[in-house]
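Q: Can you keep this structure in mind? I'll have questions shortly.
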Amino acid sequence: MSILSRLFGKGKGEAAAAEPEEHKGFFIFPEPYSDAGVYRVAARIEKEIGGELKTHSLVRADTCNDIDTAKSLSVMKAVQLIDQMGERLF
């Protein structure tokens, strides 16, 4: 995905970026995308560390039939990863 696509929230066929959710100082951007008729669970996790913005892309094998469920599950999986890894994620 190009830097411009990431900045404007377009990627993998989705038209609009979701508002980020904050968890323990991390920002979670749910970014599920359409894949063979279902939505793949995916999110971008960001945190500023030492003045530098760090980013981690989360893509799961999990799929959902509707976009809202995929967004919720993407946030839930990102929270779980943050709780397990913290800043070691980067």
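The values are calculated or read from the model by the stated rules, or taken from the named source; none is laboratory data. Model, not experiment: these values are computed from the prediction. All Cβ positions, even for glycine, are placed from backbone atoms using ideal geometry, and neighbour counts span all protein chains on display.
Q: Give the number of residues within segment 74-90 that are touching a residue at least 24 places away in the same chain (Cβ under 8 Å), under 13 Å from the mean Cα position of the chain (by Cα) and more than 14 Å from Asp35 (Cβ to Cβ).
A: Going through segment 74-90 one residue at a time, the tally reaches 6.
Q: Being part of a strand (DSSP E or B) and β-branched (Val, Ile, Thr) is the filter; apply it to segment 45-90 and report the residue that is surrounded by the fewest Cβ atoms within 10 Å (Cβ to Cβ).
A: Result: Ile49.
Q: Could you figure out which of (1) surrounded by 14 or more Cβ atoms within 10 Å (Cβ to Cβ); (2) at pLDDT below 95 isn't true of Ala36?
A: (1)
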